[in-house]
1. Taking only region B:134-168 into account, find how many residues are more than 11 Å from chain A (Cβ to nearest Cβ) and among the polar types (S, T, N, Q).
2. Looking at B:35, B:85, B:89, which is the one that is touching an Asp or Glu at 6+ places or on another chain (Cβ under 9 Å) and not hydroxyl-bearing (Ser, Thr, Tyr)?
3. Just checking, how many residues over region A:25-59 are within 20 Å of the chain's Cα centre (by Cα) and open to solvent by 40 Å² or more (accessible area, probe 1.4 Å)?
4. Find the strands (runs of 3 or more DSSP E) located wholly in region B:16-101 whose residues include 2 or more that are facing chain A (nearest Cβ under 7 Å), under 22 Å from residue B:161 (Cβ atoms) and in contact with a Leu (Cβ under 9 Å, 6 or more places away or on another chain), and list them.
5. Using the structure shown, decide if residue B:111 is open to solvent by less than 40 Å² (accessible area, probe 1.4 Å) and either in contact with a Cys (Cβ under 6 Å, 6 or more places away or on another chain) or within 11 Å of another protein chain (Cβ to nearest Cβ) (or both).
6. Looking at A:102, A:22, can you tell me which residue is buried (at least 16 other Cβ atoms within 10 Å of the Cβ), assigned by TED's automatic domain parsing to the domain that holds residue A:141 and not β-branched (Val, Ile, Thr)?
7. Taking only pairs six or more apart or across chains, which ones have beta-carbon atoms under 7 Å, a first residue in region A:79-90 that is open to solvent by less than 40 Å² (accessible area, probe 1.4 Å), and a second residue that is assigned to a loop (DSSP other than H, G, I, E, B)?
8. Give the residues of region B:114-140 that are among the aliphatic types (A, V, I, L, M) and open to solvent by 40 Å² or more (accessible area, probe 1.4 Å), sorted by residue number.
Number of protein chains: 2
Amino acid sequence: MSTPIDKKFEEITISSQPIFEGRVISVHVDTVQLPNGAMSTREIVRHPGAVAVLALLDDRMLVVEQYRKPLERSQIEIPAGKLEPGEDPAEAAKRELEEETGYRCANLKHLSSFYTSPGFSDEILHLYVAEHLVEGNIHLDEDEFLECEAITLEQAQQYIREQRISDAKTVAAVYAWQLYKLTGRF
Amino acid sequence: MSTPIDKKFEEITISSQPIFEGRVISVHVDTVQLPNGAMSTREIVRHPGAVAVLALLDDRMLVVEQYRKPLERSQIEIPAGKLEPGEDPAEAAKRELEEETGYRCANLKHLSSFYTSPGFSDEILHLYVAEHLVEGNIHLDEDEFLECEAITLEQAQQYIREQRISDAKTVAAVYAWQLYKLTGRF
């Protein structure tokens with residue numbers, strides 16, 4: 001019997017030690033048996049998953065500026081947020097878009113889903129495109145402080161050079177937007 | 001005196017509780033004062049940072065397949081690895097490229113650097129492009145098991161659709177490669 005392709009080089013869990021259960025993440029350390037029989041450990045951060053939206057208003061995209069405590073500075077990013085338990089990612093994306101920017105979108109297009117850091121975390125990010133936006137009201141979470149603006153592709157690329165935009169999802173979204181402008185396709 | 005642009009909506013650390021010091025990551029929980037004076041907590045994972053390489057052999061890019069314990073399956077990704085303490089990112093990228101693929105590159109071009117998950121982690125990933133590769137020898141870490149192959153852009157896009165490629169750095173690298181093919185520029 002051959003190994004399924006997605007189990008190549010599988011690391012078998014020998015034991016799993018819970019370390020931390022937080023509001024957002026949990027952490028555990030697995031002792032694993034490697035393909036050669038040797039033992040090692042893997043430090044793993046569990047995350048509920050997240051959504052993000054490349055929201056286009058004609059020739060501009062919506063971004064939000066917020067403080068990112070792990071970096072100790074504010075950053076400009078596309079609207080994004082964590083999945084609630086059991087929440088459909090497309091619904092979560094619509095919810096976050098409206099909460100953070102005030103804009104609503106009836107039909108989001110799924111662009112890609114990717115693991116942000118598969119070496120230590122299971123966080124997956126679902127990226128959507130929103131066009132034909134309808135203006136509504138911003139309503140932030142009580143511990144959320146941010147400012148929304150709409151920027152051109154050239155401004156986005158300038159912000160990337162200045163590192164005011166410097167997160168994986170927004171960099172990926174700007175690439176996707178640039179490709180869309182060149183090819184007409186997402 | 002106005003607030004520096006990168007301190008907008010700053011969250012002041014009131015206290016910081018260490019949770020875990022691992023081989024790769026460390027975890028702490030900060031109690032913070034929000035811009036409106038209210039208190040909250042932030043769960044933060046510290047990471048040494050990482051490098052990744054879009055390595056091009058004519059019309060193909062080098063990828064490695066390896067088991068990702070947090071996802072409990074193997075994945076196809078561009079060559080990548082953690083920074084050693086004090087290591088220059090470009091040197092680390094050359095090192096990881098040679099360790100994982102056997103190929104050497106004298107001059108890497110820096111493509112972008114991004115935070116993989118700025119909501120909970122300070123991990124930064126430095127992405128490089130390598131061309132004009134010279135064949136050498138693969139030499140993996142003792143707890144590293146992986147397989148290298150060279151794939152076309154069409155194969156990479158197929159792997160993304162099949163989710164055999166599904167990590168942020170490889171998805172970003174494939175976008176960058178596609179843009180390069182369309183515009184001649186990275």
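1. 4
2. Working: B:85 fails: touching an Asp or Glu at 6+ places or on another chain (Cβ under 9 Å); B:89 fails: touching an Asp or Glu at 6+ places or on another chain (Cβ under 9 Å).
After ruling out the rest, the residue left standing is B:35.
3. The initial filter retains those residues of region A:25-59 that are within 20 Å of the chain's Cα centre (by Cα), namely A:25-27, A:44-56.
This time we only want the ones that are open to solvent by 40 Å² or more (accessible area, probe 1.4 Å), so: A:46, A:48.
Counting residues in region A:25-59 that are within 20 Å of the chain's Cα centre (by Cα) and open to solvent by 40 Å² or more (accessible area, probe 1.4 Å) gives 2.
4. Details: elements: B:26-33, B:39-46, B:50-57, B:60-68, B:73-77, B:80-82.
In region B:16-101, B:60-68 are the strands (runs of 3 or more DSSP E) which contain 2 or more residues that are facing chain A (nearest Cβ under 7 Å), under 22 Å from residue B:161 (Cβ atoms) and in contact with a Leu (Cβ under 9 Å, 6 or more places away or on another chain).
5. On the way: open to solvent by less than 40 Å² (accessible area, probe 1.4 Å): yes; either in contact with a Cys (Cβ under 6 Å, 6 or more places away or on another chain) or within 11 Å of another protein chain (Cβ to nearest Cβ) (or both): yes.
Yes; evaluated as a whole, the condition is true for this residue.
6. Values: A:22 fails: assigned by TED's automatic domain parsing to the domain that holds residue A:141.
Only one candidate passes the filter, namely A:102.
7. A:83/A:48; A:83/A:49; A:89/A:83
8. Within region B:114-140, the subset among the aliphatic types (A, V, I, L, M) is B:124-125, B:127, B:129-130, B:133-134, B:138, B:140.
B:134, B:138, B:140 - these are the residues of region B:114-140 that are among the aliphatic types (A, V, I, L, M) and open to solvent by 40 Å² or more (accessible area, probe 1.4 Å).
The values are calculated or read from the model by the stated rules, or taken from the named source; none is laboratory data. In this text the structure is predicted, and so the values were computed from the model without any measurement. Reconstructed Cβ throughout: ideal geometry from the backbone, glycine too, with neighbour counts over all protein chains shown. Keep in mind that these areas ignore ligands, DNA and RNA; they rest on the heavy atoms of the full protein, side chains included. Shrake-Rupley method; radii C 1.70, N 1.55, O 1.52, S 1.80 Å.
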